[in-house]
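Structure first, commentary second.
The values are calculated or read from the model by the stated rules, or taken from the named source; none is laboratory data. Being a predicted model, the structure only gives us computed values, none of them experimental. A quick note on method: Cβ atoms are made from the backbone with ideal geometry, for glycine too, and the neighbour counts reach across all protein chains shown.
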Amino acid sequence: METYKFTTRISKKGSIKIPHMPDLHDRDVDVIIVLKNSGNNNVNMGKKFIERWAGFLGTDDFERDKYDYLSKKYK
């Protein structure tokens with residue numbers, strides 16, 4: 001199986017242009033689209049994660065909760 005990699009952009013109309021390669025003419029192919037990482041993508045993912053899970057665990061004193069749990073467990 002041969003593999004080719006091209007960097008291109010999907011147009012607003014949804015078209016994709018690839019370089020002219022006669023070897024690919026009239027052949028069935030699989031197309032896989034992998035989005036390029038932008039520099040801000042990881043930052044945005046981190047912000048989304050924090051927005052979604054902020055406050056989930058609360059701000060209670062974990063040491064106190066751990067002590068209470070172990071005290072009840074081993075009483």
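Quick notes on this one:
- Residue within the range 24-36 that is at pLDDT below 85, of a type outside the set (A, V, I, L, M), in a loop (DSSP other than H, G, I, E, B) and surrounded by fewer than 10 Cβ atoms within 10 Å (Cβ to Cβ) present: yes
- Filtered residues of the range 37-69 (kept if in a helix (DSSP H, G or I) and either of a type in the set (Phe, Trp, Tyr) or modelled with pLDDT of 90 or more (or both)): 49, 53, 62, 67, 69
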